[in-house]
Amino acid sequence: MTDSGRDRRRFTAAVLGAAAAPEPTPVHHRVARGVVVDSTAYMLCLATPNGEERFLYERATTFWRGGEVLPTELRPGDDAVVLCSHDGRLVAERVWAQTARATGVIVEREGDSLRVDPGHGRPRLTVVLPYRSSGRISVRHPRLEPGYLFDAVGTWRDGEVRAVRPVTTQPPYPLRSTPHRPPVRQHSTTVTGIATWYDPAWGRSSHLDPRAVVNGAAYPALDPVGHEGRCDRRTSCLPLPLLSTGASLNLRNDCTRDTAVVPVVGCAAADSWLCDLCPACGSQSAGRLASLTMTSFVALGGRLEAGCFNATMTVAEQEG
């Protein structure tokens, strides 16, 4: 074995850690997530929960790391999500590296840096607004002040989110001044709106967190009865039924027609704060249905850099 081969195996072992959690069930045979071990002009090597996996490229394979990049611009240690070709898991169709997201309410601003609270007790995020992205972000987020909502996709760097592009348009009022939404008297089992994504592992661990590849969605209308912890939601602008963790959502991407059944795995507090449109497929259905984990979002045909897609959600009738 060459020295480079030994070094790669040591790196993989260090990433995966000595211990660990039971192997998660793959969310989809076409989606993988792991830590970059090596990236050449023709092949990507990832450390994943299944061990070391390699993916070849085609001429049409694309790479995103805050923007379109070359495969050689991916770096060892990068967090990467791979969408594989329809022909099998050996060929990468699309690769995202170091992808991050900040969704929530701005609590502080200092120069080109924001502190964003995503709600539900999750850690606050530091968001940096690079100069080359600031114009694009300010068009859709003109009020970068405490109290206003913020939602942007970017990349991780040194534990901070470097924002690249806004996902939807910022509401014109601070969160505390959100117009009163009357509760929906009759909830629907089929609802149309938008689906977004979040990272349950927060993209900041040097080891691959088992939560990073879980199949599931955070939901903004958790039933307070039987729910551990408080889901700090508001009245949604969609007729969402109250559900508990473990309930199943049947989701369809209305742009690609991909469908999947995903379990509710947590609270998406910020999804109930927003009543926005996704600029895709021409849909006019406002409001957020759920936030899928990164791998579930990609498996359903979503592009992480876009941040959302129009969707239809169906849930089973609840007895009792």
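The values are calculated or read from the model by the stated rules, or taken from the named source; none is laboratory data. Note that this is a predicted model, so its numbers are computed, not measured. Cβ sites come from the backbone with ideal geometry, for glycine too, and all protein chains shown count toward neighbours. Keep in mind that these areas ignore ligands, DNA and RNA; they rest on the heavy atoms of the full protein, side chains included. Shrake-Rupley method; radii C 1.70, N 1.55, O 1.52, S 1.80 Å.
For region 80-190, which fully contained strands (runs of 3 or more DSSP E) count at least 2 residues that are charged (D, E, K, R)?
91-97, 99-110, 113-117, 149-157, 160-166
Scan (1) over 27 Å from Thr314 (Cα atoms); (2) open to solvent by 70 Å² or more (accessible area, probe 1.4 Å); (3) over 18 Å from the mean Cα position of the chain (by Cα); (4) modelled with pLDDT under 95 for the single condition Gly135 breaks and write down its number.
Only one criterion in (1) over 27 Å from Thr314 (Cα atoms); (2) open to solvent by 70 Å² or more (accessible area, probe 1.4 Å); (3) over 18 Å from the mean Cα position of the chain (by Cα); (4) modelled with pLDDT under 95 is unmet by Gly135, namely (2).
Within region 48-73, can you find the residues that are out of contact with any strand residue (DSSP E or B) (no Cβ under 6 Å at 6 or more places or on another chain) and either open to solvent by less than 30 Å² (accessible area, probe 1.4 Å) or in a loop (DSSP other than H, G, I, E, B) (or both)?
Across region 48-73, the qualifying residues are Pro49, Asn50, Gly51, Gly67, Leu70.
Can you find a residue in region 74-96 that is open to solvent by less than 20 Å² (accessible area, probe 1.4 Å), over 25 Å from Gly216 (Cα atoms) and at pLDDT 95 or above?
Looking for residues that are open to solvent by less than 20 Å² (accessible area, probe 1.4 Å), over 25 Å from Gly216 (Cα atoms) and at pLDDT 95 or above, one finds at least one in region 74-96, hence yes.
Residue check: is Phe297 over 24 Å from Asp209 (Cα atoms) and either in contact with a Phe, Trp or Tyr (Cβ under 9 Å, 6 or more places away or on another chain) or modelled with pLDDT of 95 or more (or both)?
no
Just the residues that are small (Gly, Ala, Ser) and either touching a residue at least 12 places away in the same chain (Cβ under 8 Å) or open to solvent by 70 Å² or more (accessible area, probe 1.4 Å) (or both), please, taken from region 103-128.
Answer for region 103-128, where residues must be small (Gly, Ala, Ser) and either touching a residue at least 12 places away in the same chain (Cβ under 8 Å) or open to solvent by 70 Å² or more (accessible area, probe 1.4 Å) (or both): Gly104, Ser113, Gly119, Gly121.
For Val214, indicate whether it is in contact with a strand residue (DSSP E or B) (Cβ under 6 Å, 6 or more places away or on another chain), open to solvent by 20 Å² or more (accessible area, probe 1.4 Å), touching a residue at least 24 places away in the same chain (Cβ under 8 Å) and under 20 Å from Ala102 (Cα atoms).
Taking the combined requirement at face value, the residue satisfies it.
Taking Ser272 and the conditions (1) under 19 Å from Val105 (Cβ atoms); (2) open to solvent by 10 Å² or more (accessible area, probe 1.4 Å); (3) not aromatic (Phe, Trp, Tyr), which numbered condition does it fall short on, given that it satisfies the others?
Just one mismatch for Ser272, condition (2).
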